[in-house]
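Please read the structure below before turning to the comments.
The values are calculated or read from the model by the stated rules, or taken from the named source; none is laboratory data. In this text the structure is predicted, and so the values were computed from the model without any measurement. All Cβ positions, even for glycine, are placed from backbone atoms using ideal geometry, and neighbour counts span all protein chains on display.
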Amino acid sequence: MTDRKVEHDRYAVARGEAEDDLCVLPREVIEERLRWLQAVVALSPMAIWVAEGDRIVYANSAAAELVGAASADEMVGSSIYAIVDDDAHDDLRRQLDLAQARHGHLGTLLAHLVRRDGEAREVEIGLGALPDHGRTSVQMVLHDVTQRRRAIRDLEASRRLIRRLSANAAEAREEERRRIARELHDELGQSLTAMKMDLMDCAAGMGWDGENPKLNNLLVRIDEIMASVRRLASDLRPQILDDLGLSDAIEALAHDFSKRQGIEVRLRLDDLGDSMDERVMIALYRMVQEALTNVARHARAHLVSIELHRQGGHVVLKVQDNGVGLPDLLPDSDHNHYGVLGMRERTDMLGGDFEIGNALGGGAFIRVRVPALPAEPASRRDAGSHAAKSTGVA
């Protein structure tokens, strides 16, 4: 047979276009194809070995390099269970049984192996039975994922550190808000009250009969300043949250929002008692605050509903409006203005789930599910028993 004919037959077989009269492939073609396939496997950068039972009968150079063997031939006869870590033996045995029992089954598993120089490596193993060997021979392809897995662990450790730092920063901010709110209420508020009383005493001593427009305007102005101070103190740290709990604080917040914005708020708030961790209460209160602020700024809604209830060992908060909804061109992950980012961060710090999207009937919603962490003994508050609320705020 001429060289041209052999070449033609070789590529015809590779393309599946062999001539009909080639009932038996020429020996030269078969040998050429075998040498070609052997070279592909032998020179593959992926570690590959073939096992018969649990013994390696073939390995390529990359496999020898992965395990630290001097050559591929040195691996022949080794037990695959002697190469991978003991913890992976059960999973490896199960995958081998499946590959040999099910035609076409391709198994995968993660395992550790220790190189012959003592260095530990993490590998991802893909395996499948070779069908032309009665499925008793199994080919295994190993990919060294040590660096990738290490990078993933480092990234997770960095995320945990960032979350701890964020949590500490959030707690510090809340403590500073508490301090400023107390000073506004106790010092500035009391000073304004004393100023008003002194002014009225002076006016009474001068024979004031309530008809002096300038004095009346001054007293009204002091009342307005006192109201602003109370509102600022409440925004910084609502006293009702400490005194009566989360449900009452949200109800008061909703009343104030409805009064200022002219938007109806409907509430369904379960009584969560005094057994809630302070961090959870503050986080949920701040998220309601942020959600209502977003409604006022962007939603063009006339109705907002707020739900708060227990669900097993979790607390679920949902805030939904009937406004214009979120922009359709932005996927959920892109709703990342600072308010939403803050809500996501608070949820992550508590180990919860955060969801934002458009409601089926129109408008947008946020849904938060966080663990109902028990209160620390020092943070328990003397809260009375409050019945579950289901009210409308006009």
query = Hey, any hits in the stretch 307-323 for a residue that's buried (at least 21 other Cβ atoms within 10 Å of the Cβ), within 24 Å of the chain's Cα centre (by Cα) and outside any strand (DSSP E or B)?
reply = no
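A quick yes/no check of all residues on (1) over 30 Å from Gly323 (Cα atoms); (2) touching a residue at least 40 places away in the same chain (Cβ under 8 Å); (3) assigned by TED's automatic domain parsing to the domain that holds Ile306; (4) among the aromatic types (Phe, Trp, Tyr):
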| position | (1), (2), (3), (4) |
| --- | --- |
| His185 | yes, yes, no, no |
| Lys196 | yes, no, no, no |
| Val220 | yes, no, no, no |
| Asp223 | yes, no, no, no |
| Ser258 | no, yes, yes, no |
| Gln261 | no, no, yes, no |
| Arg266 | no, yes, yes, no |
request  = Examine the stretch 333-348 for a residue that is at pLDDT below 90, polar (S, T, N, Q), loosely packed, with under 13 Cβ neighbours inside 10 Å and under 22 Å from Arg159 (Cα atoms), and state whether such a residue exists.
outcome  = yes
query = When the residues of the stretch 22-53 are filtered to those that are touching a residue at least 40 places away in the same chain (Cβ under 8 Å) and within 42 Å of the chain's Cα centre (by Cα), which remaining residue is surrounded by the fewest Cβ atoms within 10 Å (Cβ to Cβ)?
reply = Met46
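I'd like to check something: does the stretch 264-272 contain any residue that is among the β-branched types (Val, Ile, Thr), more than 28 Å from the chain's Cα centre (by Cα) and part of a strand (DSSP E or B)? Don't jump to the end; show me each part of the working.
As a first pass, look at the stretch 264-272 and keep what is among the β-branched types (Val, Ile, Thr): 265.
Narrowing further to those that are more than 28 Å from the chain's Cα centre (by Cα): 265.
Applying the additional criterion that residues be part of a strand (DSSP E or B) yields 265.
There is at least one residue in the stretch 264-272 that is among the β-branched types (Val, Ile, Thr), more than 28 Å from the chain's Cα centre (by Cα) and part of a strand (DSSP E or B).
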ask   = When you look at Glu251, is it surrounded by 12 or more Cβ atoms within 10 Å (Cβ to Cβ), of a type in the set (D, E, K, R), assigned to a helix (DSSP H, G or I) and in contact with a strand residue (DSSP E or B) (Cβ under 7 Å, 6 or more places away or on another chain), yes or no?
value = yes
remark   = Selection from the stretch 209-250 of residues within 29 Å of Ala172 (Cβ to Cβ), out of contact with any helix residue (DSSP H, G or I) (no Cβ under 6 Å at 6 or more places or on another chain) and among the basic types (Lys, Arg) yields Arg230, Arg231
key: Long-range neighbours under 7 Å by Cβ, at least six apart or interchain, first residue within 27 Å of Ser79 (Cβ to Cβ) within the stretch 140-162, second in a helix (DSSP H, G or I)   = Leu142/Ala63; Leu142/Leu66; Asp144/Leu66
